[in-house]
Amino acid sequence: MEDTMAGPLNRSCDVVGGKIRVTCPRCRRKKYAEVPPNSRRRVVRCICGKSQVYIVNYRKDNRESINGKAQMVLMNASEAKIRLCDASISGIGFLVPREYISVLSCGQQIGIKYKSGNGSTTQRKICIKNIMGNRVGGQYTNLGVSF
């Protein structure tokens, strides 16, 4: 639950029980700050006067940055090339070509195909959870490797 650097001005913190644990960059004082539901950022001011912006992370599983090519398979069997961005044990994030953003919606189920590290083709079903611009986040809906 310890905060980690996300950049020179922002820190990333995991939410546990509606609170984040923060450390002042000036005086190193630690405290817990409440986070309103669905907020993505929280500004916390220390008693020493220093303010810090914290990026709020609601994920339960750590994500790993990846960079790879994949195929998105829609339920009407049409396919599009996508670029994988990050993955965790429960989901995946990827970039979609702009022309396909209008056909995607939160809650929709799609398939993805990609080559894994050992060269074998992996197929997974996902439920789209988030769309921001052309970046899509999805949660795996099956434990197997086929559609």
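The values are calculated or read from the model by the stated rules, or taken from the named source; none is laboratory data. Bear in mind the structure is a predicted one, so any value in this text is a computation, not a measurement. No Cβ is skipped: glycine too gets one built from the backbone with ideal geometry, and neighbour counts run over all protein chains shown.
Which of the residues that make up the stretch 93-135 are exposed (fewer than 12 other Cβ atoms within 10 Å of the Cβ) and in a loop (DSSP other than H, G, I, E, B)?
Within the stretch 93-135, SER102, SER105, GLY107, SER116, GLY117, ASN118, GLY119, SER120, GLY133 qualify.
Taking into account only those residues within the stretch 73-92 that are at pLDDT 90 or above, closer than 18 Å to TYR140 by Cβ and over 17 Å from the mean Cα position of the chain (by Cα), which is surrounded by the most Cβ atoms within 10 Å (Cβ to Cβ)?
That would be VAL73.
Quick one: count up the residues across the stretch 47-72 that are basic (Lys, Arg) and free of Cβ contacts under 8 Å to residues at least 40 places away in the same chain.
Selection size over the stretch 47-72: 3.
ASN62 is checked against (1) surrounded by 13 or more Cβ atoms within 10 Å (Cβ to Cβ); (2) within 17 Å of ASP14 (Cβ to Cβ); (3) within 16 Å of the chain's Cα centre (by Cα); (4) not basic (Lys, Arg) and fails just one. What number does that condition carry?
It is condition (1) that ASN62 fails.
Could you please find all residues in the stretch 10-25 being more than 15 Å from SER39 (Cα to Cα) and either charged (D, E, K, R) or outside the structural domain of ARG40 (by TED's automatic domain parsing) (or both)?
Of everything in the stretch 10-25, just one residue is more than 15 Å from SER39 (Cα to Cα) and either charged (D, E, K, R) or outside the structural domain of ARG40 (by TED's automatic domain parsing) (or both), namely ARG21.
Output the number of the condition that LEU9 fails; it satisfies all remaining conditions of (1) over 19 Å from ASN130 (Cβ atoms); (2) modelled with pLDDT of 85 or more.
(2) is the only condition that LEU9 fails.
Basic (Lys, Arg) and either touching an Asp or Glu at 6+ places or on another chain (Cβ under 9 Å) or within 24 Å of LYS60 (Cα to Cα) (or both): which single residue out of LYS81, LYS113 fits that description?
Just one listed residue meets the conditions, LYS113.
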